[in-house]
Amino acid sequence: MISDEEYKKLLKQFHKLSDRHILVVETDMPYSDVLKVMILSDKIRKAGNELVSFMRKNYDQLIRTKKYRKLLKLYGSTKDKKKRKDLADQLNEMQKAYNVTWDHCRRSMIPIGRKYGIDAVFALTKAEDVWRGIEKCLYGNGKAIHFSKYGELPCIRAKQINRGIPISVKDDRLQFKLGKTAFGIQVNDRFQQDEADAVLTYLAEPEIVDNKAVNTLIEDAYYIDTYRPCYATLVIKMIRGKYRVYVHLTIEGKTKLKYDKHGNPRHKYGKGVIGADIGTQTVAYTSDTEVGLKNLSERGNSIQTSERKERLLYRAMDRSRRAANPQNYNEDGTVKKGRKTWKYSNHYKKLKAKHSELCRINAVNRQLAINEDANHLRSLGDTFVTEPKNASKLMKRAKETAVNDKGRFNKKKRFGKSIKNRCPSGFQTTVEKKFKTTGGTYIEVPNNYRASQYDHTVDDYIKKKLSDRLYKLQDGTEVQRDWYSSFLLYCYDYKIQKIDKNKCITQFDNCYKKEKALITWIKAHKIKVLNSGIKIA
């Protein structure tokens with residue numbers, strides 16, 4: 001038998017280390033209550049902006065001091081552990097002196113929350129969000145702390161299940177409460193029903209489930225899925241001109257399996273190695289059973305049409321804004337410097353509403369396409385091999401100003417629009433989570449692997465131009481560049497962290513036949529694969 005103190009410690013350890021997932025369901029609030037939630041959300045936004053203004057002044061004063069900047073530079077260049085610890089202590093002391101600490105941020109939010117009449121738990125959660133932004137500036141790659149714009153409605157989150165948005169059971173259904181407003185959820189499919197039933201099972205006997213979790217942790221060192229509701233978050237979305245409120249319920253444990261209409265598991269998990277080359281707009285992959293080359297974040301051919309509509313609406317908005325505010329522009333069309341007042345016509349407001357709705361639809365379709373592709377890749381194998389993420393680096397503008405052969409300046413823009421429309425980094429993150437949560441393995445090869453430069457026919461690295469999408473190996477075999485990179489990643493030896501040359505030789509002919517069949521199929525169906533070099537008649 002273990003004592004009560006030991007039991008509490010083990011239960012706390014279990015809660016800290018167990019898996020968590022989020023169930024997203026729409027509430028059944030009437031529209032009058034939705035408007036009340038909007039008012040509360042806007043109050044939280046204003047309170048957060050006041051705290052940002054207050055903390056931003058302290059942070060700017062800290063950064064302006066020469067001593068702090070010098071200490072930061074020394075900390076970055078010093079490798080000795082003792083010296084680094086001493087410098088870190090000095091930096092922390094300066095942060096305390098200038099009131100750039102979590103404790104000061106939390107205490108500063110108390111009077112602001114009272115001013116706006118916000119529940120203390122919501123004010124604390126907003127203070128945590130603000131402090132997370134300051135931490136990015138202090139310890140990460142953040143440059144400035146930003147305010148929330150008018151019209152942006154932040155989520156309402158209480159990170160304690162018994163405060164702010166408490167959960168209860170009424171008539172065998174989950175019920176939530178926000179102030180005096182009680183509301184439930186709209187369960188629309190089998191998966192949501194299974195998740196809700198699992199939470200109801202826990203709430204019926206929480207002590208018994210917790211005891212089982214602790215005993216399993218002691219005896220088998222295993223974390224069971226308790227489906228304990230951790231906390232709830234309310235998220236407001238504008239959909240087709242109306243606001244709707246969704247509950248994001250954080251639940252302890254792994255998600256329930258999804259089933260099709262026949263009762264079979266919807267997603268199957270394969271075994272084997274998958275090599276994938278993720279570009280800015282496309283993904284190429286090679287597995288034991290299948291090879292592929294497709295555009296990222298694409299469901300059918302409609303996404304390209306939607307992206308074009310998005311651009312046209314944005315240009316129409318710009319024309320309308322310029323026509324209504326000629327005083328804010330120079331003769332050459334550039335925006336004047338200094339403070340300006342803007343007028344927006346009714347035509348502009350209609351265009352903006354259309355543009356916002358189209359952007360929302362495109363974002364949803366991108367996420368659905370990413371999830372579908374990740375599930376398909378997981379069905380092909382359980383070991384995913386790819387190169388490290390580099391989307392954020394590719395988005396950066398070129399620093400140097402260069403002139404081309406025609407005497408014109410080269411554009412400094414890089415892959416920002418492609419990355420925004422195709423989300424390569426989001427796709428890679430989703431695949432990583434999918435493989436790790438389903439018992440698979442996710443591997444990123446070292447930076448010196450150079451899959452795109454290797455030629456297995458001569459066992460040498462041969463540099464190629466970025467424009468060479470279809471090129472010939474030294475033995476005369478023509479391959480598609482992205483697919484060949486995925487094939488070399490498929491031939492990765494994780495033990496020595498290098499290319500398995502024997503596997504390249506033995507597996508190439510079989511995979512090459514599949515690649516040729518794939519290109520023939522792409523041409524026959526007239527599918528436009530971006531930046532692939534495959535020409536469609």
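Can you find even one residue in the range 499-520 that is assigned to a loop (DSSP other than H, G, I, E, B), modelled with pLDDT under 90 and assigned by TED's automatic domain parsing to the domain that holds Thr280?
Keep residues of the range 499-520 that are assigned to a loop (DSSP other than H, G, I, E, B), which gives 500.
Within this subset, residues satisfying the condition of being modelled with pLDDT under 90 are 500.
Now narrow it down to the ones that are assigned by TED's automatic domain parsing to the domain that holds Thr280: 500.
Yes: one or more hits.
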If we keep only residues of the range 433-486 that are of a type in the set (A, V, I, L, M, F, W, C) and more than 27 Å from the chain's Cα centre (by Cα), then the residue surrounded by the fewest Cβ atoms within 10 Å (Cβ to Cβ) is Leu466
A careful count of residues in the range 492-510 that are under 18 Å from Glu290 (Cα atoms) and either hydroxyl-bearing (Ser, Thr, Tyr) or in contact with a Ser or Thr (Cβ under 6 Å, 6 or more places away or on another chain) (or both) gives 2
When (1) surrounded by 14 or more Cβ atoms within 10 Å (Cβ to Cβ); (2) under 24 Å from Phe487 (Cβ atoms) are applied to Arg414, the one that fails is (2)
Exactly one of Tyr202, Tyr269 is out of contact with any Cys (no Cβ under 8 Å at 6 or more places or on another chain) and closer than 25 Å to Pro424 by Cα, and that residue is Tyr269
Self-check item: Meets criteria (out of contact with any Gly (no Cβ under 8 Å at 6 or more places or on another chain), buried (at least 17 other Cβ atoms within 10 Å of the Cβ) and of a type in the set (Ser, Thr, Tyr)) for Ser532
Solution: yes
### Message
Among the residues that make up the range 280-288, is at least one of them of a type outside the set (Asp, Glu), over 20 Å from Asn375 (Cβ atoms) and out of contact with any His (no Cβ under 8 Å at 6 or more places or on another chain)?
### Response
yes
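Within the group Ala324, Ala363, Ala369, which residue is of a type in the set (Gly, Ala, Ser) and over 19 Å from the mean Cα position of the chain (by Cα)? Lay out the reasoning, then the answer.
On the way: Ala363 fails: over 19 Å from the mean Cα position of the chain (by Cα); Ala369 fails: over 19 Å from the mean Cα position of the chain (by Cα).
Going through Ala324, Ala363, Ala369 in turn, the sole match is Ala324.
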In the range 53-75, is there at least one residue being more than 30 Å from the chain's Cα centre (by Cα) and among the acidic types (Asp, Glu)? no
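Condition test on Lys256, is it within 30 Å of Ala232 (Cβ to Cβ) and not in a strand (DSSP E or B)? It would help to see each step written out before you state the result.
Values: within 30 Å of Ala232 (Cβ to Cβ): yes; not in a strand (DSSP E or B): yes.
Here the answer is yes, as Lys256 does meet what is asked.
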With criteria (1) in a loop (DSSP other than H, G, I, E, B); (2) assigned by TED's automatic domain parsing to the domain that holds Asn371; (3) out of contact with any Ser or Thr (no Cβ under 9 Å at 6 or more places or on another chain), His262 comes up short on (2)
Condition set among the aliphatic types (A, V, I, L, M) and touching a residue at least 40 places away in the same chain (Cβ under 8 Å), scope the range 175-195, selection surrounded by the fewest Cβ atoms within 10 Å (Cβ to Cβ): answer is Val187
If we keep only residues of the range 272-321 that are over 24 Å from the mean Cα position of the chain (by Cα) and among the hydroxyl-bearing types (Ser, Thr, Tyr), then the residue farthest from Ile419 (Cα to Cα) is Thr289
Counted residues in the range 363-381 being buried (at least 18 other Cβ atoms within 10 Å of the Cβ) and either farther than 16 Å from Thr280 by Cα or in contact with a Lys or Arg (Cβ under 7 Å, 6 or more places away or on another chain) (or both) come to 7
Checked pairs for the range 12-33, first at negative phi, second acidic (Asp, Glu) and crowded, with 16+ Cβ neighbours inside 10 Å, C-beta under 6 Å and 6 or more apart or across chains, list as Ser18/Glu252; Arg20/Glu252; Leu23/Glu195
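Under 30 Å from Lys212 (Cβ atoms) and under 30 Å from the mean Cα position of the chain (by Cα): does that describe Val24?
Working: under 30 Å from Lys212 (Cβ atoms): yes; under 30 Å from the mean Cα position of the chain (by Cα): yes.
Criteria met by Val24.
Scan the range 94-117 and tell me whether some residue there is acidic (Asp, Glu) and either in contact (Cβ under 8 Å) with a residue 40 or more places away in the chain or in contact with a Leu (Cβ under 6 Å, 6 or more places away or on another chain) (or both). Reasoning before the result, please.
First pass over the range 94-117, keeping only residues acidic (Asp, Glu): 103.
Then drop every residue that is not either in contact (Cβ under 8 Å) with a residue 40 or more places away in the chain or in contact with a Leu (Cβ under 6 Å, 6 or more places away or on another chain) (or both), which leaves none.
No, the range 94-117 contains no residue that is acidic (Asp, Glu) and either in contact (Cβ under 8 Å) with a residue 40 or more places away in the chain or in contact with a Leu (Cβ under 6 Å, 6 or more places away or on another chain) (or both).
Looking at Leu530, Leu488, Leu466, which one is assigned to a helix (DSSP H, G or I) and either under 25 Å from Val431 (Cβ atoms) or free of Cβ contacts under 8 Å to residues at least 60 places away in the same chain (or both)?
Details: Leu530 fails: assigned to a helix (DSSP H, G or I); Leu466 fails: assigned to a helix (DSSP H, G or I).
Sole residue among the options that is assigned to a helix (DSSP H, G or I) and either under 25 Å from Val431 (Cβ atoms) or free of Cβ contacts under 8 Å to residues at least 60 places away in the same chain (or both): Leu488.
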Can Phe384 be described as more than 19 Å from Val529 (Cα to Cα) and in contact with a Phe, Trp or Tyr (Cβ under 7 Å, 6 or more places away or on another chain)? yes
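The values are calculated or read from the model by the stated rules, or taken from the named source; none is laboratory data. Only a predicted model underlies this, so the values are computations on that prediction, with no experimental measurement involved. Virtual Cβ from ideal backbone geometry, glycine too; neighbours counted across all protein chains shown.
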